[in-house]
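Notes follow the structure.
The values are calculated or read from the model by the stated rules, or taken from the named source; none is laboratory data. Just so we're clear, the structure is a prediction, and the values are computed from it rather than from any experiment. With ideal geometry, Cβ positions are generated from the backbone for all residues, glycine too; neighbour counts draw on all protein chains shown. Ligands, DNA and RNA are stripped out before the accessible areas are found, and what is left, the full protein with its side chains, is counted by its heavy atoms. Shrake-Rupley method; radii C 1.70, N 1.55, O 1.52, S 1.80 Å.
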Amino acid sequence: MTESISEEAQITTITTSSLSLPRPALKDLLSVGVCIQCIFRLFGIHGNAYSSSLLSTSILNSLLEEPESCGNSNGLVFCSVCLGILQLAYDQEGEKCKSSEKRTEIDDFVIPIAELVKREGYQIDGFSIEISIPPIILANERAIKLYMQRKYGSEDWFQKKFLNGHISVKDALKLSITDSLETLLATKSDVSSFRIRLTYTHTEASFKLQNFLGKDHSSKRRKTGTEYSVNNIDDSNVQIGTVYTEHSNSESDAAIYRTLDGLQDHVFCERFKLPPEKAYKPCNLAYHCFRAPIYISGRYLKYSRNVSQTRWIIDDERMGEASVEEIIGSKVLLICRGDNYKFHAAGREDIDVRMLGSGRPFLIEVPNARCVPSLVDIQEIEDKINDSEDRFVRVINLKVAGNQVWTLMREGEAEKQKQYAALVWISRPFKEEDLESISSLKDMDIFQRTPVRVLHRRSPLERKRIIHWMTVERVVGSCQYFLLHLCTQAGTYIKEFVHGDLGRTHPSIGSILGCRAEILQLDVTDVKMDNFN
């Protein structure tokens, strides 16, 4: 009984919408191969008619009491404007679409998409739909508009209705399939980080469009192996049997759209057939789902002098026992189940430098995560890292962060202050006046040329940095060793500030004390970033 009422309501909606349109125009549009979905959207009809499984050319013909149009000996006919998109017809992976006379059932169209989401194991609480269509659709719409304008341009309904506030193919498709997807996925469509992307292409129509555009569109041919991008073909060189990729090139599409926008109507009419030709092949459809990157932020502490910040391989040989990146990233990836991960930190320390105190801010970026971790998951990640047998690395303040955290880290990185503790040896006994000399220096400018040890990978520049303050702690039982505590501007080379780097850093601890100075051990004790806690 419920299904009967639902069907009756659908027929009423379609009938009401159809009868509000000019009968001669409807017949004309049907005769040139425009589907009922495109007719409705070009007349600006909104509402739930698009999601009706009964919305077909057949029902419109019956309302008009016209014999149903059919294909010819050349095969099935698809919409001359949307090329089958709103009929839910498509080619996929070499399998030909079997029907265009009757619209594909909406559930039949969306079930494979929902199955893909479930098969990939995504945990979702919402989704958004992204649709990419070839530029030929825009050209077809323009051709229909100009065709109808020639015939009915002087009539009131054309001025008031046709293409006035019309619905795009993308929006009409979303109206068609969203309700069914919401039901199958048991969640609502919204502005979500989880996205379902439908990519439509039509190789033959794309070639024809570029031929029509001619000299106005001079895309360069792009070759990758034996394949060419569909939208970057030099048509004069097209040969039968050439293999082309079906993925739309957004830059080339944008160029085609600009070219179309720049064509005056009379030029467009000279090059493009009005009305557009009937279509005997639908678009190719590829669909996939993905989640926008999620970010896990926190601070890490590193207790080993043989652990690098990031994976460090030289000549296929690993440097150090492990890396902070891998220790944290592997645990995050295990829970989030993303495609991979990227590690970002606010600065870096050398492999032989410990990171102590409040830790260094970091981000783990996880593209296409199947799961957005809960508070319980975050605690599990933290426990697995902190309870590791090696105890190389510890994390604190771990949490899921919005994408704005990336900006906060980059802004704070440039302004942050860092504190260090360095074990220093000097070539003569340390005196009381040395302690006073060092401790009295506040906000001292130093100049550092790129250190010799990193010249192979850094530009040879001179940088001014600030030493905000320094204190000295004597080492019991030694007169030539002391602990130097200092606070500096971000980007200061501490090792070179101690030994001078053959005069490339000045002043230095060595030049201040008037003797040779060497750094034996270095720890980072604090990274101050108030906007990243």
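The loop-placed GluC sites (Glu not before Pro) in region 267-336, going by DSSP, that have at most 14 neighbouring Cβ atoms within 10 Å of their Cβ come out as E277, E321. Determine the share of region 493-533's accessible area contributed by carbon and sulfur atoms, expressed in whole percent, with a 1.4 angstrom probe. C and S fraction of accessible area: 49 percent.
Using θ = phi - 60° in the Karplus curve 6.51 cos²θ - 1.76 cosθ + 1.60, the 3J(HN,Hα) couplings for region 341-351 round to 8, 10, 9, 10, 9, 7, x, 8, 10, 5, 4 Hz; x is entered for Gly and Pro. Rg/Rh for region 332-416 (Cα atoms only, Rh after Kirkwood) is 0.96.
When both region 173-207 and region 407-476 are represented by their alpha-carbon centers, they are found 56 Å apart. The value given for region 279-347 is a Kirkwood hydrodynamic radius of 15.3 Å, derived from the mean inverse Cα-Cα separation. On a per residue basis, region 267-353 carries 45 Å² of accessible surface, using protein heavy atoms and a 1.4 Å probe. Here the 3J(HN,Hα) profile of region 135-152, calculated from phi with Karplus coefficients 6.51, -1.76 and 1.60 at θ = phi - 60°, is x, 4, 5, 5, 5, 4, 4, 5, 5, 5, 4, 5, 5, 5, 5, 4, 8, 10 Hz, Gly and Pro shown as x.
Kirkwood Rh, Cα Rg: Rg to Rh for region 403-516?
Here the Rg-to-Rh quotient is 1.02.
List every residue whose amide H lies under 5 Å from the amide H of I294, counting only residues 5 or more places away in sequence or on a different chain, with H placed 1.01 Å from N in the peptide plane. When sequence neighbours closer than 5 places are left aside, the close amide H contacts are V366, N368, A369. One equal scatterer on each Cα of region 300-451, no solvent, Debye formula: the resulting log10 I(q)/I(0) at q = 0.17, 0.20 Å⁻¹ is -1.09, -1.37.
Among the trypsin sites (Lys or Arg not before Pro) found in region 162-204, those both in a DSSP coil and sparsely packed, with 13 or fewer other Cβ atoms within 10 Å of their Cβ, are K188. Among M409, M444, the sequence by solvent-accessible area, most first, with a 1.4 Å probe is M444, M409. Give the carbon-plus-sulfur fraction of the accessible surface of region 301-453 in %, rounded to a whole number; probe 1.4 Å, heavy atoms of protein chains only. Summing carbon and sulfur atoms, their accessible area is 48 percent of the total for region 301-453.
The phi torsions of region 81-86, fed into the Karplus equation with coefficients 6.51, -1.76 and 1.60 and a -60° offset, translate into couplings of 9, 8, 6, x, 4, 7 Hz, rounded to whole numbers, with Gly and Pro shown as x.
Quick one: of K384/K416; K118/K331; K342/K384; K302/K528, which pairs are farther than 21 Å apart, Cα to Cα?
Details: K384/K416 30 Å; K118/K331 23 Å; K342/K384 19 Å; K302/K528 17 Å.
Pairs exceeding the cut-off: K384/K416; K118/K331.
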